[in-house]
Structures are given as structure tokens and as C-alpha cells.
Protein chains: 2
Amino acid sequence: MKYFFLLFSVSLLGFSSLQAQKELPTQAKGDEAVIESLFKLSLTDCSAYPWLESLCKDIGHRLSGSPQAAEAVEYSFKIMNELGLDVTKQPVMVPHWERGEKEIAFFAADKGEKKLVNICALGGSISTGNEGILAPIIEISEWSELATLGREKVAGKIVFFNEKMPAENLYTFHSYGHCVKHRWGGAVEAAKYGAKAAIVRSLNLRIDDFPHTGSMGYEAGVDSIPAAAISTADAEALSAAIAQGNEVQFYLRQLCETFEDAPSHNVIGEIKGSKYPDQVILVGGHLDSWDVGDGAHDDGAGVMQSLAALELLKKMDYQPEHTIRVVFFMNEENGLRGAKKYAEVAEKSGQTHIAAIESDRGGFTPRGFHVEGNPEALLKIQSWKNMLEPYGLHQLDEGHGGADIGLLKTDENVMIGFVPDSQRYFDHHHSANDTFDQVNKRELELGAASIAALVYLIDQHGI
Amino acid sequence: MKYFFLLFSVSLLGFSSLQAQKELPTQAKGDEAVIESLFKLSLTDCSAYPWLESLCKDIGHRLSGSPQAAEAVEYSFKIMNELGLDVTKQPVMVPHWERGEKEIAFFAADKGEKKLVNICALGGSISTGNEGILAPIIEISEWSELATLGREKVAGKIVFFNEKMPAENLYTFHSYGHCVKHRWGGAVEAAKYGAKAAIVRSLNLRIDDFPHTGSMGYEAGVDSIPAAAISTADAEALSAAIAQGNEVQFYLRQLCETFEDAPSHNVIGEIKGSKYPDQVILVGGHLDSWDVGDGAHDDGAGVMQSLAALELLKKMDYQPEHTIRVVFFMNEENGLRGAKKYAEVAEKSGQTHIAAIESDRGGFTPRGFHVEGNPEALLKIQSWKNMLEPYGLHQLDEGHGGADIGLLKTDENVMIGFVPDSQRYFDHHHSANDTFDQVNKRELELGAASIAALVYLIDQHGI
């Protein structure tokens with residue numbers, strides 16, 4: 001990695017010389033100096049970490065429709081204002097689901113001792129009712145097995161989806177993509193065969209005691225049955241008990257409930273473009289989180305990194321040609337209502353989004369960007385490789401932009417996903433282990449600088 | 001990052017087809033398939049993590065000369081034997097220093113309240129005696145300030161070296177290199193001006209409560225005075241108290257002691273080369289650790305990754321042409337005696353070391369290798385770039401190999417340092433925070449595969 005020979009006090013001189021370099025914006029040397037300064041500034045004078053700390057520790061997790069989500073909107077509005085952005089709160093109605101009392105679950109084989117297990121209701125699940133559900137449990141690893149078993153062997157039972165995330169994928173999101181269907185659709189598939197509830201192995205590559213929640217859905221015409229995730233350690237124990245051959249009874253009780261949609265907001269801040277005010281470069285993530293842990297990596301890190309990218313550019317007195325806008329989307333986790341509302345309003349605004357960058361893969365050490373759009377945009381970003389590689393941004397590949405920005409895609413523009421290292425993400429994702437102390441300050445700050453550098457290059461050179 | 005389309009069950013077929021590919025060892029396609037298999041195998045069937053768990057949790061930290069270091073030697077010998085390597089224990093005499101009772105330290109300004117602070121004696125320091133040392137403390141950020149202050153202002157006082165690790169370096173080891181002289185030589189410099197003790201800010205980029213130990217030295221003809229590290233949070237508090245302007249008294253008590261040198265061992269295992277048995281490719285790290293935490297990242301991760309590299313090659317039935325040797329060096333931390341003994345014996349053996357790879361920068365996600373040697377060797381390694389980059393190994397640069405292998409360097413061979421991501425290393429280094437739970441299993445395993453891949457390429461193509 002590139003060694004900064006100069007200390008920061010010296011590099012401050014570099015910042016004033018940036019003023020001169022701005023007169024030569026397309027000169028490669030100028031770009032390199034700006035990017036170097038953005039990275040130094042991010043590691044020495046960046047608010048991403050303290051902002052994230054307040055969000056996580058003063059407010060905490062913030063599921064759409066919750067009082068904490070409303071607090072998070074106010075806090076975001078406040079810090080964007082303090083940064084001197086033009087800020088708006090964009091109203092949007094969001095789903096409102098509550099977990100209720102802590103879940104209880106255990107299993108017992110052949111009248112043996114009860115083993116308590118860690119579960120959490122999947123988001124959107126119905127309640128079991130106060131008495132809970134006690135039924136024999138059957139294990140499958142892939143829902144196609146339901147058809148083989150048939151209604152006869154499934155009806156009246158609880159179905160345990162125990163597919164393990166494949167460990168051999170280097171990029172852990174590929175393993176997630178492989179398994180998430182059981183979390184999302186397992187309850188519907190099991191209900192088609194008369195099951196009473198669905199238990200899904202947590203989407204976690206480690207063996208530990210944290211159950212991982214996440215969205216699930218129901219289907220018209222199919223009975224709605226309760227669904228919950230079980231920790232990987234307990235999934236292993238349950239599987240071992242079932243493997244003994246005796247019938248295993250499983251009990252779960254969860255009192256979750258869906259309420260009327262609730263009012264909430266996207267929070268939007270911007271620096272108006274000096275030359276192309278109606279051409280927007282968007283950066284963002286989602287402000288809502290699941291109702292466990294702090295929502296630190298998912299996606300407190302993403303929103304605070306995005307805002308910090310604007311902070312860094314402002315601290316360097318950078319005057320963008322295009323409008324640079326940060327959006328804290330509401331309700332990515334269970335509805336994407338914020339993303340839909342934003343896209344709907346944007347379409348009518350007469351503005352165009354030339355690029356959108358989403359950070360929603362954790363606050364880990366930067367690796368690069370995934371680019372979704374016309375091949376020329378990818379080639380253009382790859383042409384900046386020499387300027388990005390010294391900062392660990394080697395992966396400039398075709399790939400998914402992000403859920404919140406997906407609706408903004410056109411034939412002309414480009415959607416970009418910030419890609420941090422993925423190895424640790426599923427240790428935390430949607431679980432009580434997604435806490436502020438699990439975010440490394442420097443890794444978070446390097447992400448902010450990575451996003452700022454890309455925004456700067458797009459603003460200077462178009463895309 | 002490269003997507004493995006195949007699941008592991010399918011890739012097993014890939015392993016058998018490796019047998020065929022070995023007949024075409026220099027063919028690029030063959031190499032790529034072998035490397036892909038090494039990485040998959042590392043993520044699905046590798047012992048690095050359980051070995052590290054035993055080392056950290058059953059044995060714990062293992063300073064040279066301690067009973068735990070002796071236990072670690074036996075454990076290492078056992079697992080190398082179980083792996084089917086040719087194993088030897090190479091005797092070496094090592095320093096034996098003990099920390100003694102937990103240190104006590106506090107400060108108080110102007111007869112104000114005492115504030116207890118977290119310190120730990122630096123390795124090799126003398127004791128303060130049972131009564132401890134109470135004296136006024138003066139703060140400096142760079143030892144050149146001692147000459148400016150002069151003996152008059154330093155004599156009889158405790159000197160507080162409060163140089164902060166510069167945050168702006170991307171590669172954190174550069175910041176370490178910048179500051180480590182105060183830990184190593186601060187006591188000598190302060191003693192030259194009549195100081196009674198030296199307190200050094202911990203080499204940590206975070207603000208937290210963990211003091212970080214590490215080696216220090218004394219100089220003939222200069223008084224030996226006690227030296228200790230203070231946590232970064234307490235360094236900040238102490239500095240703030242001193243900044244108030246009133247005299248601050250500092251007290252420390254540490255009962256450390258240096259004993260006679262003790263017998264210990266390097267542990268060495270190897271797979272004999274089929275074609276060039278006297279040409280050695282060495283991989284390794286150091287088995288000893290400081291006497292705080294578990295020595296998990298420093299350097300339990302490094303030794304277990306190195307051994308796992310041989311495990312992976314063996315599991316693939318790979319028959320090397322050169323001898324592949326793993327060395328667990330003893331006493332890197334406070335003497336390098338194991339490295340010296342190994343080099344001394346190696347020189348007389350008639351064998352040559354064509355390459356040596358050291359892993360001693362933590363068990364984090366892989367980034368590449370630093371190469372120390374003739375420029376042709378670096379060019380050769382860089383010619384393998386396309387095969388290494390899909391696994392996140394982008395940094396193939398000139399740089400430091402490692403402390404333990406440094407003495408093996410000749411004009412012909414190459415010393416290589418495995419480079420994991422450096423952002424989190426100094427959160428743990430030499431502190432009670434260097435524990436097993438801070439190592440991510442996948443990151444550790446990817447390091448093992450990275451080392452195995454490079455060993456394979458060197459064995460196949462020379463260097």
C-alpha cells in the first residue's frame with residue numbers, strides 16, 4: 001500500500017495547493033493529489049465514526065415505524081444541517097411490524113430433556129399466539145425436498161430448513177444469495193404442505209449463538225404460518241438430535257404483530273452543482289435497521305460513510321459541478337418504501353441521476369466498487385484504476401449496485417455498489433452481534449474516502 | 001472477487017483431476033486450478049482455526065522461557081507429527097524475563113484526587129522495587145526535546161513519551177515504524193538526563209484502555225531505569241492533566257525481573273523435496289508471544305497459517321520438488337534467539353533456502369506479499385499476478401520479509417512477508433486485547449491458502 005511520506009501537517013499545505021490545481025481539474029496529477037488528501041483527511045478528521053456512535057449508542061436499532069427510526073430521522077436531519085447541506089425530509093409511509101416479547105423456543109427428543117434454543121422471529125412473521133406451537137420437527141436442506149416428502153409427512157409438523165451457507169465462496173454475498181430463499185419463502189413452501197411453522201438456519205458462516213432475522217413473505221392463497229431463524233450453534237444441535245432417529249418435538253412462541261403503516265421519512269442533503277445543478281450524483285445507504293443489535297454495519301456504517309464523503313469534500317472546499325446528494329433511505333429492510341418514494345419523486349423532478357453509489361455491505365476495509373450500467377461506464381471507472389489502487393480499491397468489476405438505488409437505473413446512468421471486504425459481514429448481519437464496537441474506526445473512514453474519491457472523479461470527468 | 005460457481009462437492013472432482021494436471025505442472029491452466037482448489041479447501045477443511053484455538057485457549061500467552069512456551073513447543077511438535085511431517089525440535093537458549101505482580105500506577109495533579117491508570121512494564125524492564133517510584137512527570141512527544149529541556153528539567157522526574165501513532169498512513173506498520181523508537185530506546189534517552197523512569201504511550205491507533213507491551217533495551221554506561229507503556233485513553237487523560245499547568249506526580253510500581261537464560265526450541269516440520277531435497281522453501285512465524293492476551297494475532301495466527309499451508313498441500317496429495325519446511329521460531333519478541341540459531345544451523349547444513357515466507361502481521365484478510373530480494377524475484381512473483389489477484393492478493397510489492405527469516409537472506413534468494421490487511425492490527429498487538437475471539441476464521445484460512453498458493457508457484461516455477 002502506498003506510503004504517505006508526509007505527515008498531515010505537511011499535507012495541509014497540499015490542501016491549499018489544491019485551490020491552484022482545481023484550475024486544471026482534468027490533469028491526472030491534480031486528481032491524484034485530491035484523492036490522496038481525501039484519504040488523509042478521512043483518517044485524521046472525519047465524523048463518520050462519532051456520528052455512527054451516536055446513532056448506535058444514543059438511538060440504537062431502528063426498524064421502520066419504530067420510535068427509534070423517528071429519532072434517527074431527526075438526528076440525521078440535524079447532522080446534515082450542521083454540515084451546511086440543503087436538507088429535506090421526504091415523507092413516506094412504511095410498514096410497521098413489532099417483534100413483541102422475546103421469543104421462547106426449545107426442543108426435546110423422545111421425552112428427553114428440553115434444550116432451550118436461540119431463535120428470533122423473521123420480520124413480517126405472524127405470532128404463534130400466546131400458547132406457542134409444539135409439534136414434531138422435520139429437517140430438510142433444500143425446499144425441493146418438500147415435494148418428495150409430500151403432504152403426508154409434512155402436515156402438522158414444523159419444517160426446519162437447515163441449509164448451510166456454502167463456505168467456499170470467497171465473496172460471502174454469493175453464499176447469502178444462494179441461501180436467502182429459505183428465509184424469504186420457506187414459510188410459504190412449508191405451508192403448502194400443511195406445516196405449522198418454519199424454522200430457518202441463520203444466514204451466518206460462523207457457528208455461534210446469534211439468530212439472524214430478516215424479511216420473509218406470505219402468499220395469497222397459502223396459509224400464513226409463523227417463521228423464525230435459529231442460531232447456527234442451535235441448528236447444529238437440533239440437527240444432531242434429529243439424526244438420532246427418534247421424533248423430536250419443537251416448541252416456539254413469538255408474539256409479533258403487524259400494525260397499520262406508519263409515517264416516516266427519507267433524509268436528503270445536498271451540495272448544489274455549480275455547472276449542472278439538475279444532474280445528480282447520489283450517495284447513500286439505508287437509515288432503518290432490524291430491531292436487534294445496533295444496526296451498526298447494516299447500515300449505520302453505510303449512511304454515515306456516505307454523509308462523511310460529502311463532509312470530506314466540503315472540508316476541502318470542493319465546489320462540485322454536479323449536484324452531490326446524500327440520501328438516507330428509510331425501510332430498505334422490509335419494504336423498500338423509501339427507495340420507491342424517492343424514485344417516484346425523482347422521476348417527476350426533471351432532474352437526472354447520472355450516478356448513484358450505495359454503501360450497504362458493512363463498514364469493513366475497502367476493496368472496490370461493483371458497477372451496474374452500460375459497459376462504457378465500467379470502462380471509465382476502470383480507467384481510474386491507477387488512482388484508486390493505492391488505496392486498496394482493486395476490484396472495479398461489473399456487479400450489483402444496491403437495493404435502494406436500483407429503481408433509479410436507466411439506460412444512460414450507472415449504479416455503483418461500494419464493496420468492502422466481505423469476510424466478516426455475516427458474523428453480524430441482522431443479529432444482536434451487529435453492534436458499534438464491531439466497527440473499526442479506520443476501516444469505516446477509509447470507506448468514506450473511497451466513496452468521496454469516486455464522487456470526485458465522476459464529478460470532474462463525467463461518466 | 002472471483003465467484004466459485006461450483007459447490008465444494010463438485011470441486012472434489014476438481015481435486016482428482018489435479019492428479020492429471022500435475023503432469024503439466026507449468027501449464028497456466030493447471031496452476032489456476034490448483035490455486036482455486038487450495039482456496040476452496042482452506043475455507044472448508046483447514047485446521048488453522050482449531051489449532052489456533054488450542055494454542056490460545058488451552059495454553060494461552062507464551063513468553064520465551066515460560067512454562068506456556070514449553071507447552072506450546074510440545075503442542076506444536078504433536079500437531080506437526082500428526083500431520084505426517086518430518087519433525088524436529090531445535091534447541092536454543094532464550095531470555096527469561098517475568099512481569100511479576102500486576103503493575104500499579106496512578107497520577108495526581110496538585111494534591112488532587114489520584115487517577116489510577118493502566119500500564120504494563122515493557123519487556124526487559126527492571127523493577128521499580130516494592131515501594132515503586134513517585135516523581136513529577138514531564139511530557140514530551142519526541143526524544144529530541146530532552147536535549148532542549150536539559151538535565152536540569154529532567155533529572156529526578158519521570159519522562160512521559162506521548163508521541164501518537166500517525167493516523168494518516170494507510171499501511172499502519174509505517175506508523176509503527178515511526179514511533180517504536182520511544183518504546184525501545186526511551187528509557188535510555190531519558191536516563192541520560194537523569195530521569196527516574198520512562199512511561200511510553202502505547203503503540204495503538206485507537207483510544208482504549210489496553211496498555212501495549214513490547215521490547216525495550218538498556219545501554220552500557222547509562223543508568224537502567226524502569227519503563228512501562230500506558231494505555232492510549234490514560235495517555236490522553238495524563239496529557240490533559242499536565243496541560244492544566246500544575247505539577248503532576250506519577251506513581252508506578254512494577255516487580256519485573258530478568259532470570260538466567262532458559263532452554264527452549266524452534267519447532268521444525270517438513271515435506272522432503274522429490275527433486276531438490278537440499279533446496280528449501282521455508283514458511284513460518286514465531287511461536288512465542290508477549291505475556292498478555294493470547295498471542296492470537298501475534299503470532300499464533302502466523303504459525304498456524306504456515307502449518308496449514310503444508311496441510312492444504314498435503315491434503316491435495318501434492319508432492320513438492322523442493323523441500324517445504326515450516327518453522328515455528330522461538331523468541332522473536334525479545335531476542336530473536338530462535339531465528340539466530342536456525343540461521344546458524346542452516347548455514348552449516350549444506351542446504352540452501354531458495355525462498356522464505358513469514359506470516360507475522362496478524363490473521364487478517366489477505367492483501368498480498370512484500371518481497372525482499374533481487375529484483376528478478378519480485379518480477380517473477382508479479383508475473384503470477386493474474387493467478388493471485390482473484391483471491392484479493394493485489395499487493396505484490398517490494399518490502400520487508402520478516403524478522404525471523406531476515407538472517408537467511410543471501411544475494412540469490414528471496415525473503416517474503418505475507419501481507420494481510422493492516423487496519424486492525426494495532427488494536428491488538430502486544431496487549432490483553434490480542435485474544436482468540438478477535439481472529440476471524442475465514443480471514444485466517446484465506447491467509448493459509450495465500451501462503452500455500454505462493455509456495456506451490458515457487459515450487460513449480462522456481463524463483
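Coordinate-derived values only; no laboratory data. As the structure is a computational prediction, the values presented were derived from the model and not from experiment. Using ideal geometry, Cβ is built from the backbone for each residue, glycine included, and neighbour counts are taken over all protein chains shown.
Identify, among B:PHE369, B:PRO50, B:ALA301, the residue whose Cα sits farthest towards the positive end of the charge dipole of the protein assembly as shown, taking +1 on the Cβ of Lys and Arg and -1 on the Cβ of Asp and Glu, with the dipole about the Cα centre.
B:PHE369
Less than 10 Å Cβ to Cβ from A:SER422, Lys/Arg counted +1 and Asp/Glu -1: what total charge do the surrounding residues give?
+3
Where the only charges are on Cβ atoms (+1 Lys, Arg; -1 Asp, Glu), what is the dipole of the range A:216-328 about its Cα centre, to the nearest 20 debye?
So the magnitude is around 620 debye.
Specify the inter-centroid distance of the range A:354-383 and the range B:355-382, based on alpha-carbon positions, in whole Å.
That distance is 29 Å.
Run through the other copies and list how far each one's label point is from that of A:ASP437, in nm with one decimal, shortest first; the point sits 7 Å from Cα along Cα-Cβ.
0.8
Give the percent of DSSP beta bridges with both residues in chain A that are antiparallel, rounded to the nearest 5.
Restricted to chain A, the bridges split so that about 55 percent are antiparallel.
Can you tell me, using C-alpha contacts under 8 Å and at least 6 residues apart, the relative contact order of the range A:100-255 as a whole percent?
That works out to 39 percent.
Please give me, ordered by residue number, the trypsin sites (Lys or Arg not before Pro) of the range A:104-136 that lie in loop per DSSP and have at most 15 other Cβ atoms within 10 Å.
Those satisfying the criteria are A:LYS111, A:LYS114.
Please report, in debye to the nearest 20, how large the charge dipole of the protein assembly as shown is about its Cα centre when each Lys and Arg carries +1 at its beta carbon and each Asp and Glu carries -1 there.
Charge dipole, the protein assembly as shown, about its Cα centre: 160 debye, nearest 20.
Kindly provide the helix-only [θ] at 222 nm of chain A, computed as the sum of -39,500 (n - 2.57) over DSSP H runs of four or more divided by all residues, to the nearest 500 deg cm²/dmol?
Rounded to the nearest 500, it is -11000 deg cm²/dmol.
Using a 7 Å offset from the Cα along the Cα-to-Cβ direction at both A:ALA155 and B:ALA262, what is the distance between the two label points in nm, to one decimal?
Here the modelled spin labels are 7.1 nm apart.
Relative contact order for chain A: what percent, with Cα pairs under 8 Å and sequence separation of 6 or more?
With pairs under 8 Å counted, the relative contact order is 21 percent.
So if we plug the beta-carbon distance of B:LYS340 and A:GLU236 into 1/(1 + (r/R0)^6) with R0 = 56 Å, what FRET efficiency do we get, rounded to 0.05?
Computed FRET efficiency for B:LYS340 and A:GLU236 comes out at 0.75.
Taking 35 Å as R0, compute the FRET efficiency from the Cβ-Cβ separation of B:GLU32 and A:LEU116 and round it to 0.05.
Working from the Cβ atoms, E equals 0.15.
Can you tell which of A:ASN331, A:ASN246, A:ILE281 lies farthest toward the positive end of the dipole of the range A:200-353, using +1 and -1 charges on the Cβ of basic and acidic side chains (Lys, Arg; Asp, Glu)?
So the residue furthest toward the plus end is A:ILE281.
Charges at C-beta only: +1 for Lys and Arg, -1 for Asp and Glu. How large is the resulting dipole of chain B about its Cα centre, in Debye rounded to 20?
180
Measuring label to label, 7 Å along Cα→Cβ, what does B:ALA243 give against each other copy in nm, shortest first?
In nanometres, ordered from closest: 5.9.
Provide A:VAL283, A:VAL87 in ascending order of the number of other Cβ atoms located within 10 Å of each residue's Cβ, fewest first.
Sorted ascending by nearby Cβ count, the order is A:VAL87, A:VAL283.
Mind listing the long-range amide H neighbours of B:ASP360? Cut-off is under 5 Å, sequence gap 5 or more, other chains count too, H placed in the peptide plane at 1.01 Å from N.
B:PHE418
Provide an ascending nm list, one decimal, of label-point separations from A:GLY221 to the equivalent residue in each further copy; define each label point as 7 Å from Cα along Cα→Cβ.
9.4
What share of the DSSP beta bridges in the range A:293-449 is antiparallel, in percent to the nearest 5?
If we restrict to bridges inside the range A:293-449, about 45 percent are antiparallel.
If I model a spin label at B:ASP45 and A:SER349 as a point 7 Å from the Cα along the Cα→Cβ vector, what separation in nanometres do I get?
According to this spin-label approximation, the distance is 5.4 nm.
For a label point 7 angstrom out from the Cα of A:GLU101 toward its Cβ, which stretches of the range A:240-255 have the backbone nitrogen within less than 15 Å?
From the range A:240-255, the list is A:252-255.
Could you tell me which residue in chain A puts its beta carbon nearest the axis mapping A onto B, with the distance rounded to whole Å?
A:HIS394, 2
Using a 10 Å cut-off around each Cβ, can you sort B:ASP404, A:ASP317, B:ASP261 from fewest to most neighbouring Cβ atoms?
By the 10 Å Cβ count, ascending, the order reads A:ASP317, B:ASP261, B:ASP404.
Within the set of other residues whose C-beta is less than 11 Å from the C-beta of A:GLU163, count the net charge using Lys and Arg as +1 and Asp and Glu as -1.
+1
Quick query: amide H of B:PHE369 versus all other amide H atoms, modeled in the peptide plane; which residues come in under 5 Å with a sequence gap of 5 or more or a different chain?
Correct list: B:GLN395, B:LEU396, B:ASP397, B:VAL419.
Go through B:LYS114/B:LYS157; A:LYS192/A:LYS409; A:LYS181/A:LYS348; B:LYS164/B:LYS409; A:LYS315/A:LYS409; A:LYS315/A:LYS441 and tell me which ones have a Cα-Cα distance over 24 Å in this structure.
A:LYS192/A:LYS409; A:LYS181/A:LYS348; B:LYS164/B:LYS409; A:LYS315/A:LYS409
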